[in-house]
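Right, one structure below, let's go through it.
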Amino acid sequence: MDKNFTIRKATEPDAKAIAKVHVDSWRTTYANIVPDEYLINLSYENREQLWIKNISNDAVFVAENNEGQIIGFSSGGKERSGKYIEFEGELYAIYLLKECQGQGIGKALVTAIVEEIKAMGLRSMLVLVLKDNSFHRFYEALGGKKIDTVKIQIAGKKLDELVYGWADIRNIF
């Protein structure tokens with residue numbers, strides 16, 4: 001079977017398309033989880049500015065379809081909270097357009113971040129995912145072990161976030 005996508009490192013001109021995927025995937029993934037008003041008010045322009053900054057500071061990869069359209073992205077780097085000292089790296093974000101899910105693109109985007117984290121000399125990784133997001137099973141399928149649950153608040157709604165960790169990413173795939 002031919003792959004209908006490519007993974008590559010993001011560049012600053014990709015920020016606008018990444019922002020569109022980010023907002024659109026939040027609206028589909030987090031419907032009925034995050035308050036509707038918050039999702040409606042997400043801004044492509046604000047997210048574009050965020051991704052311009054992130055592309056220059058973090059490892060960011062995009063998935064493109066055969067027409068060159070960005071359909072997903074992932075970002076990662078060093079663990080940010082300092083709370084999980086046994087986990088050196090972190091998958092910060094991974095989002096795909098709804099119609100592109102279930103085709104192996106997510107795994108390829110995670111693989112790109114894992115390879116980047118390994119290149120930084122790090123051997124472990126974690127990711128945080130909303131408990132009510134059914135995609136948390138994706139991380140379990142990749143061998144992630146639940147290590148914690150943390151409380152967060154989005155637009156006044158209290159939510160649980162699951163923390164999954166991989167103690168050794170050298171042989172994750």
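The values are calculated or read from the model by the stated rules, or taken from the named source; none is laboratory data. What you see is a predicted model; the values in this text were computed from it and never measured. Virtual Cβ from ideal backbone geometry, glycine too; neighbours counted across all protein chains shown. Accessible surface areas use protein heavy atoms only, side chains included; no ligands, DNA or RNA. Shrake-Rupley method; radii C 1.70, N 1.55, O 1.52, S 1.80 Å.
In this structure, is Ile33 part of a strand (DSSP E or B), in contact with a strand residue (DSSP E or B) (Cβ under 9 Å, 6 or more places away or on another chain) and either surrounded by 14 or more Cβ atoms within 10 Å (Cβ to Cβ) or at positive phi (or both)? It is false that Ile33 is part of a strand (DSSP E or B), in contact with a strand residue (DSSP E or B) (Cβ under 9 Å, 6 or more places away or on another chain) and either surrounded by 14 or more Cβ atoms within 10 Å (Cβ to Cβ) or at positive phi (or both). Screening segment 46-65 for residues that are modelled with pLDDT of 95 or more and among the charged types (D, E, K, R) and picking the one that is surrounded by the most Cβ atoms within 10 Å (Cβ to Cβ) gives Arg47. Candidates in segment 128-157 are the residues that are touching an Asp or Glu at 6+ places or on another chain (Cβ under 7 Å) and open to solvent by less than 50 Å² (accessible area, probe 1.4 Å); of these, the one that is nearest to Lys9 (Cα to Cα) is Val129. In this structure, is Leu162 under 27 Å from Val23 (Cβ atoms), touching a helix residue (DSSP H, G or I) at 6+ places or on another chain (Cβ under 6 Å) and at pLDDT 95 or above? In short, yes.
For Ile94, the criteria (1) within 22 Å of Thr28 (Cβ to Cβ); (2) touching a residue at least 60 places away in the same chain (Cβ under 8 Å) hold in every case but one, which is (2).
State all residues of segment 109-140 that are more than 23 Å from Thr6 (Cβ to Cβ), in a helix (DSSP H, G or I) and without any contact (Cβ under 8 Å) to a residue 12 or more places away in the chain; if no residue qualifies, say none. If the condition is that a residue be more than 23 Å from Thr6 (Cβ to Cβ), in a helix (DSSP H, G or I) and without any contact (Cβ under 8 Å) to a residue 12 or more places away in the chain, then Arg137 is the only one that fits. Within segment 158-173, restricting attention to residues that are aromatic (Phe, Trp, Tyr) and surrounded by 18 or more Cβ atoms within 10 Å (Cβ to Cβ), which residue is farthest from the chain's Cα centre (by Cα)? Here the answer is Trp166. All conditions but one from (1) open to solvent by less than 50 Å² (accessible area, probe 1.4 Å); (2) touching a residue at least 24 places away in the same chain (Cβ under 8 Å); (3) of a type outside the set (A, V, I, L, M) apply to Gly68; the one that does not is (2).
When Ser43 is tested against (1) under 17 Å from the mean Cα position of the chain (by Cα); (2) surrounded by fewer than 16 Cβ atoms within 10 Å (Cβ to Cβ); (3) in contact (Cβ under 8 Å) with a residue 12 or more places away in the chain, only condition (1) is not met.
Of all residues in segment 1-30, those satisfying the criterion of being part of a helix (DSSP H, G or I), under 14 Å from the mean Cα position of the chain (by Cα) and small (Gly, Ala, Ser) are Ala19, Ser25. The listed residues are Leu122, Leu91, and the only one of them that is open to solvent by 10 Å² or more (accessible area, probe 1.4 Å), of a type in the set (A, V, I, L, M, F, W, C) and closer than 25 Å to Ile55 by Cα turns out to be Leu122. When you check Gly82 against the structure, is it free of Cβ contacts under 8 Å to residues at least 12 places away in the same chain and either open to solvent by 20 Å² or more (accessible area, probe 1.4 Å) or closer than 23 Å to Pro35 by Cβ (or both), yes or no? Spelling it out, Gly82 is indeed free of Cβ contacts under 8 Å to residues at least 12 places away in the same chain and either open to solvent by 20 Å² or more (accessible area, probe 1.4 Å) or closer than 23 Å to Pro35 by Cβ (or both).
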